[in-house]
Amino acid sequence: MAKDDKGEVESFYMLCDDLPEDKILREKLNIYNLEKALAQQEMERNDKNYFKECLFCGEKIGNNRSNLLQHMSDNHNFNVGHADNLVYFDEFYQKLNQRISINKCLFCEKIFYNKQILKEHMRKKQHKSINPNNREFDKFYIINYLEYSKYWQEIKHERDSEESRVQSLERNPSLDDWNDPVQIYCCLFCNESFDDENQIISHMNLRHKFDLKSIDFLSFYNQVKLINYIRRQIFLKNCFICLKKFESSEELLKHLETDDHIKEFPDMDLWDQPEYYFSTFEDDNLLCLLDDDGYNKDESKIKVIPEDIKFEIKKELLESLNDLELK
């Protein structure tokens, strides 16, 4: 390259709050967002014609947003904070409602089979709040607008003392609402669910002609695999006998009853797979009703053979064995 060769001069700009101009601009934007959020919060606080349904029981709560939050805290132990700490409440409510509508836990964000199982999960795991580490909800808390470049947890950590943390623990909501039924049992074939084990057994017997006790000749773990297999196929709208696919659960149930497939025992090759050690849905309490006294009932009949080894039994050997048994 010649000494006189010069390239085109380019200018680069560094976006960093270490630069005074950049920092001033960021602080002004933060003040603008804070003023906007405070104005929105004031409007929401003065709105006396606000009515929304409770996320958990569907009761319509009105007059203002504070009453709705108070209802969910008092009646369902669901606490997202004081109304004065929230902003853009309508959008916040919609996000929570969307998650509840697809049976998604608001804390751990797992998805469940139905609302009863979701409610039981949130009760047992104490997930009656939103995940504080989910930054998606930062927009709805006024604390996140107060200080530039600080996340709410940093602000809270700076303000909290040991005494205030103890007081906060003492102010935790009452656990009275946690006296719900301990377990919810969901039917294998339809959307019915019960909080009593005798009721679910009776329902499947009378409505679907399926006796849960009829499989107790299997070992406990084989019962688990069989139930998990049936649950999975029903969820996928497949017949667990012939594997035919249906468009709706109603069509599948009609097929099972019309062709008497609901009374048949599926081929062991279909359900005796390692994947069916795991339930289709978390907290499938129907598995708790299986007979665990038969842990080794049929284990002696099941031999584990490596898949890469093939055994051939000659016809003459089988006939000789049969002759020995007859003698």
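Within the range 41-62, restricting attention to residues that are surrounded by 15 or more Cβ atoms within 10 Å (Cβ to Cβ) and of a type outside the set (A, V, I, L, M), which residue is farthest from Y141 (Cα to Cα)? Walk me through it before giving the result.
Filtering the range 41-62 down to residues surrounded by 15 or more Cβ atoms within 10 Å (Cβ to Cβ) leaves 41, 44-45, 50, 52, 54-56, 61.
Still in the running and of a type outside the set (A, V, I, L, M): 41, 44-45, 50, 52, 54, 56.
Numbers: Q41: 10, E44: 14, R45: 14, Y50: 19, K52: 20, C54: 20, F56: 22 Å.
In this case the residue turns out to be F56.
Determine the pairs where a residue that is charged (D, E, K, R), located within the range 53-74, has a partner that is open to solvent by less than 80 Å² (accessible area, probe 1.4 Å) and not in a helix (DSSP H, G or I) with Cβ atoms under 7 Å apart, the partner being 6 or more residues away or on another chain.
Hits for this filter: R65/Y50.
Out of the residues in the range 65-88 that are closer than 18 Å to R135 by Cα and over 24 Å from the mean Cα position of the chain (by Cα), state the one that is surrounded by the most Cβ atoms within 10 Å (Cβ to Cβ).
Kept after step one, since they are closer than 18 Å to R135 by Cα, are these residues of the range 65-88: 79-81, 85-88.
When the remaining residues are screened for being over 24 Å from the mean Cα position of the chain (by Cα), the result is 85-88.
Working: N85: 14, L86: 20, V87: 24, Y88: 16.
Once the filter is applied, the top-ranked residue is V87.
Taking the range 248-276 as the search range and keeping residues that are in contact with a helix residue (DSSP H, G or I) (Cβ under 6 Å, 6 or more places away or on another chain) and either open to solvent by 70 Å² or more (accessible area, probe 1.4 Å) or within 15 Å of R207 (Cβ to Cβ) (or both), which one is modelled with the highest pLDDT?
So, considering only residues that are in contact with a helix residue (DSSP H, G or I) (Cβ under 6 Å, 6 or more places away or on another chain) and either open to solvent by 70 Å² or more (accessible area, probe 1.4 Å) or within 15 Å of R207 (Cβ to Cβ) (or both), the one modelled with the highest pLDDT is L256.
If I filter the range 184-203 down to residues being outside any loop (DSSP other than H, G, I, E, B) and β-branched (V, I, T), which single residue comes out as farthest from the chain's Cα centre (by Cα)?
Checking each candidate, the answer is I201.
Restricting the search to the range 89-144, which residues are closer than 15 Å to F281 by Cβ and in a helix (DSSP H, G or I)?
K115, Q116, I117, L118, K119, E120, H121, M122, K124, K125
Of the residues L226, L206, which single one is without any contact (Cβ under 8 Å) to a residue 24 or more places away in the chain and either open to solvent by 60 Å² or more (accessible area, probe 1.4 Å) or not in a loop (DSSP other than H, G, I, E, B) (or both)?
L206
The values are calculated or read from the model by the stated rules, or taken from the named source; none is laboratory data. Only a predicted model underlies this, so the values are computations on that prediction, with no experimental measurement involved. When we count neighbours, we look across all protein chains shown, and the Cβ atoms used for this are built from the backbone with ideal geometry, even at glycine. Note: areas computed on protein heavy atoms with side chains; ligands, DNA, RNA excluded. Shrake-Rupley method; radii C 1.70, N 1.55, O 1.52, S 1.80 Å.
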